[in-house]
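Below you'll find the structure, written out as structure tokens, and then a few comments.
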Amino acid sequence: NRFFSHQEMASSSSHNNNGIPLATLLEWYKIRDTFFGDNHVSQNIPLALEMASSCHHPDARWLTEACAGKDVITEEDAKRVFSAVGQNDARALCFTWMLGDRKDLTPLRRSADLGFALAQAWMAEQARGEEKFKFAQLAAAQGERDGFFFLGICFCNGGGCEKDLDKAKENLLFASDLGDVSGMCLLGRLFDESDPQRWRWWGRAAALGSSSRFLSNFAKQVELFNSGSGSAAGDAQRRGHVAV
């Protein structure tokens, strides 16, 4: 199995994201997660807007400009701002949907059709079969973190495509290296328990707020290691790959 190095992933993501530097991309994902309370990050809209004001990502600049001069403290405040932007703005359509009840997919689909990668990723989450795979591919082709995650799920389950665990791991690795906690959890599952990679990714996910899978499995593995039975988890701890 071939896995991309961090440098290869950075180069690929930068290329697919219109040359946006990896550091800027990661900064934007942190802002976005904070704004929407996603990816195991607590929602804090004012803090997200403060962070966005110094970020050079196009979506961060758009968010800053859209909210400039307005009191945007709550989700309702943000929805009013986004709704006023217009029905042909892909970001506004997607962001409004994300802050709503998410039952009506019309604005999300419109945003996805306009080419907004995050909307395409969320359409992949909502759709099934070949449509799910199509939207996941479109989002991943633009270097969207959530697109990589849902494309990994498609390949993992054979959703709209042939099941391919190598491609599932590859896309989940992209998502995980971009900070997707659910991607880290699923990626860890695809490695055998004797493989230190499982514990590396579950450990990172635990550090970022998703600890149930790590805690329920790691202690038992370390106990086996200490008893002399051998364990990738215990070995990973000994080598410093996982902090406990």
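FYI, it's all coordinate maths here, none of it is from the lab. Note that this is a predicted model, so its numbers are computed, not measured. As a convention, Cβ positions derive from the backbone with ideal geometry for all residues, glycine included, and neighbour counts pool all protein chains shown.
Positive end of the dipole of segment 46-120 (Cβ unit charges, origin at the Cα centre): among Ala48, Thr106, Val81, the Cα lying farthest that way belongs to Thr106. Evaluating 6.51 cos²θ - 1.76 cosθ + 1.60 at θ = phi - 60° for every residue in segment 97-110, the Karplus couplings come out as 4, 5, 8, x, 7, 6, 7, 8, 7, 4, x, 5, 5, 4 Hz, glycine and proline recorded as x.
When you work out D = kT/(6 pi eta Rh) for segment 134-214 at 4 °C and 1.567 mPa s, using the Kirkwood radius from C-alpha pairs as Rh and the Stokes-Einstein form, the result is 105 µm²/s. Computed from backbone phi, the HN-Hα couplings of segment 196-203 come to x, 4, 4, 6, 4, 6, 5, x Hz, rounded to whole numbers (Karplus: 6.51 cos²θ - 1.76 cosθ + 1.60, θ = phi - 60°; Gly and Pro given as x). Legend: residue pairs Lys134/Lys169; Lys134/Lys163; Lys132/Lys169; Lys103/Lys167; Lys30/Lys70; Lys79/Lys103, Cα-Cα distance threshold 20 Å; pairs beyond threshold, Lys103/Lys167; Lys30/Lys70.
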